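Everything on this sheet refers to the single structure shown next.
The values are calculated or read from the model by the stated rules, or taken from the named source; none is laboratory data. Because the structure is a prediction, the values reported are computed rather than measured. Cβ coordinates were reconstructed from backbone atoms using ideal geometry, including for glycine residues, and neighbour counts include every protein chain displayed. We work out accessible area using only protein heavy atoms, side chains counted, and drop any ligands, DNA or RNA first. Shrake-Rupley method; radii C 1.70, N 1.55, O 1.52, S 1.80 Å.
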Amino acid sequence: MTALDNAGPRPAVRIPFPVVDEVARHCLQDEEPETVHIEVHLPGPLDPPRLRRAFTEALERHPRILMREAPGPWYRRRYEWELTEEPDVEVVGFPAPGRDALRDARTRALTQAPPLSQSPPVRLEVVGVPDGTVLFLTINHTALDGPACLRILATAAELYGGKDNSPAAPPTRTTRAEPPAEATPSHWSPPARVAPGTPDPSPGNGMLVTDLALPHRPKGAPYTVNDQLMVTTALTLAHWNREHGARPRPLRITMPVDDRPRDATMPIGNGTRLVEVPFTPDELTQADTDMPALLRRTALRTRALKSLPRPQLGHGAALLTAPVLPVPWRAALTRALRRAAAPWTSTTLLSNIGRIPYPLDFGEEAGRAHAVWFSAPARMPRGLTVTTASTAGRLHLALRWSRTLLGPGDGAHLRDLFEHYLHSTEVPR
């Protein structure tokens with residue numbers, strides 16, 4: 001018997017929860033699961049065994065996704081991820097086709113978070129539809145974010161179809177000198193809330209997805225499509241609040257910033273940092289007469305915020321998650337502070353994934369993705385998130401809301417307002 005034989009099984013690798021994961025873990029709520037939903041539409045059919053093999057191998061090629069929450073005593077100072085060598089459960093499912101299969105898969109993506117106790121905390125459903133196949137990735141946001149799981153799916157597409165799914169080069173941005181800082185609304189003042197509409201009696205999230213034309217942007221414009229989407233979101237919510245009799249207040253829109261590479265070296269996990277873009281009531285009111293000025297000011301703000309080095313959730317969260325007290329005590333403190341800070345929470349979150357960097361090409365029969373939607377959790381006090389991505393020359397918009405704030409009719413009206421204001425940003429220089 002060799003020394004290797006005597007060694008026995010290797011101990012599992014454990015990784016302490018990063019700050020983002022721990023804060024999310026402290027604040028879990030069964031009535032509004034923290035899921036991220038990704039929906040990918042393909043023009044052709046997929047072979048189930050072949051897809052299952054490809055996705056499982058993709059997980060193995062990105063082993064950081066093969067994780068589960070490690071058990072521990074109540075007095076432990078940290079949550080830890082335990083990395084596994086293979087999935088604990090079957091990750092890929094093939095629900096029965098039917099008239100409501102697409103609707104039911106979307107509902108499951110909002111209501112059924114993959115448990116943290118099983119590796120990996122992600123599920124893939126494959127739904128056959130008359131015009132092809134729809135892939136639904138449901139992610140437990142405590143562990144992972146959308147861009148990381150899209151990287152996994154791109155690897156699976158390459159393994160399944162044999163096509164190169166390397167990311168496209170990021171768009172080239174003209175470097176501009178940073179202007180002097182401008183006066184913006186104080187972050188000490190509570191921002192506007194999304195005015196209540198006609199809520200549903202049941203808890204949880206509702207969602208609406210649609211595709212729109214990409215907004216035109218003049219060549220050489222000093223702003224990006226992301227800035228147009230930011231302005232569109234602000235104008236949409238200002239209009240909504242006016243319609244519902246809310247007193248004008250400054251808006252603050254949370255914007256995730258992701259600096260990770262998109263190739264196979266991309267770190268898997270929750271990798272975005274959050275910044276807040278402010279808007280005053282006056283500048284939104286004056287947008288009708290000077291939209292170019294509002295777009296330029298927004299571009300200056302977003303560029304300055306992206307360039308500032310900052311922890312993912314700010315310095316306060318890093319202090320709050322320092323492993324000084326046992327985890328249950330820190331959890332109680334985190335939840336209490338979150339409730340106390342609710343009035344200062346930003347108005348909404350706009351997550352613009354941008355142009356999908358991967359072809360998501362599954363080969364000749366299944367084809368290349370022609371639509372990709374994401375949606376982010378929409379728990380109160382925000383109660384509404386806006387997520388956008390562009391594929392095949394179209395903008396794919398997902399509105400997701402807390403049912404205690406809005407109903408389906410409200411979502412449809414917000415979509416119409418968004419489309420109107422998106423068109424209004426198409427202005428000459």
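So if I check each of Thr289, Thr265, which one is among the β-branched types (Val, Ile, Thr) and closer than 30 Å to Arg61 by Cβ?
Only one candidate passes the filter, namely Thr265.
Taking into account only those residues within segment 158-183 that are closer than 19 Å to Pro147 by Cβ, open to solvent by 70 Å² or more (accessible area, probe 1.4 Å) and at pLDDT 70 or above, which is farthest from the chain's Cα centre (by Cα)?
Glu158
So Thr2 ticks every box in (1) among the polar types (S, T, N, Q); (2) open to solvent by less than 70 Å² (accessible area, probe 1.4 Å); (3) modelled with pLDDT under 90 but one. Which box is left unticked?
The failed condition is (2).
Of (1) modelled with pLDDT of 85 or more; (2) in contact with a strand residue (DSSP E or B) (Cβ under 9 Å, 6 or more places away or on another chain); (3) of a type outside the set (Lys, Arg), Pro311 satisfies all except one. Which?
Of the numbered conditions (1) modelled with pLDDT of 85 or more; (2) in contact with a strand residue (DSSP E or B) (Cβ under 9 Å, 6 or more places away or on another chain); (3) of a type outside the set (Lys, Arg), the odd one out for Pro311 is (1).
How many of the residues in segment 319-332 are in contact with a helix residue (DSSP H, G or I) (Cβ under 9 Å, 6 or more places away or on another chain), modelled with pLDDT of 90 or more and open to solvent by 20 Å² or more (accessible area, probe 1.4 Å)?
Residues meeting the conditions: 1.
Checking the condition at negative phi, among the acidic types (Asp, Glu) and open to solvent by less than 40 Å² (accessible area, probe 1.4 Å), which residue from Glu69, Glu60, Glu80 passes?
Glu69
Out of everything in segment 188-234 that is touching an Asp or Glu at 6+ places or on another chain (Cβ under 7 Å) and assigned to a loop (DSSP other than H, G, I, E, B), what residue ends up being farthest from Thr404 (Cα to Cα)?
His216
Mind counting the residues in segment 85-105 that are closer than 20 Å to Ala143 by Cα and open to solvent by 20 Å² or more (accessible area, probe 1.4 Å)?
6
When the residues of segment 200-212 are filtered to those that are over 19 Å from the mean Cα position of the chain (by Cα) and open to solvent by 60 Å² or more (accessible area, probe 1.4 Å), which remaining residue is nearest to Glu32 (Cα to Cα)?
Among residues in segment 200-212 that are over 19 Å from the mean Cα position of the chain (by Cα) and open to solvent by 60 Å² or more (accessible area, probe 1.4 Å), the one nearest to Glu32 (Cα to Cα) is Pro203.
Could you go through segment 143-161 and let me know if any residue there is among the basic types (Lys, Arg), in a helix (DSSP H, G or I) and farther than 24 Å from Glu85 by Cβ.
Scanning segment 143-161 turns up no residue that is among the basic types (Lys, Arg), in a helix (DSSP H, G or I) and farther than 24 Å from Glu85 by Cβ.
So which strands (runs of 3 or more DSSP E) are wholly in segment 314-418 and hold at least 3 residues that are of a type in the set (A, V, I, L, M) and closer than 21 Å to His141 by Cα?
Ranges flagged: 348-355, 384-391, 394-402.
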